[in-house]
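Take a look at the structure below.
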Amino acid sequence: MFLSPHTVQAVWGFFIFVLQLESFMILIEEIYSLYRDFPHISTDSRAIIPGSLFIALKGDHFDGNRFAADALQKGAAYAVIDNPAFKDGDRYIVVPDTLGMLPLGTS
């Protein structure tokens, strides 16, 4: 059976998409599980409540990833970041978009 290069590329692209989707769903489940154990969410490293989840948000003039280590030092249970360069241990969770994780605790 011969498949055209276009068909092979389309099938491969779909396969990669499915893997990424599955990986994202596992990540969502992992973060939701942490949220059940640590239901307080903080986005400001200056006002950490011990045992909270720190979510590193970014804006035009700040990058919360830079404050993840400080949040953990002040008692956050985990830091959710979106820049793997700031990961420094097993209490960091890297996600594609931290803002997309924020609605987990806001209903």
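Rule-based calculations on the coordinates, nothing more; no lab input. Values in this document were obtained by computation on a predicted structure and should not be read as measured data. Positions of Cβ are generated from backbone atoms using ideal geometry, with glycine treated the same way; all protein chains shown enter the neighbour counts.
Between Val94 and residues 5 or more places away or on another chain, which pairs have amide H atoms under 5 Å apart, with H built 1.01 Å from N, and which residues are they?
Ile81
Between Ala85 and Ile28, what FRET efficiency follows from the Cβ-Cβ distance if R0 is 25 Å, with the result rounded to 0.05?
Plugging the Cβ-Cβ distance into 1/(1 + (r/R0)^6) gives 0.65.
Count charges around Arg66 for me, please; just the other residues with Cβ under 15 Å from its Cβ, Lys/Arg as +1, Asp/Glu as -1.
-2
If you stretched the chain out fully between His40 and Phe62, how much longer would it get, using 0.36 nm times the residue separation minus the C-alpha to C-alpha distance?
So the extension gain works out to 5.7 nm.
Would you mind counting up the charge near Ile55? Only other residues with Cβ under 11 Å from its Cβ, with Lys and Arg at +1 and Asp and Glu at -1.
-2
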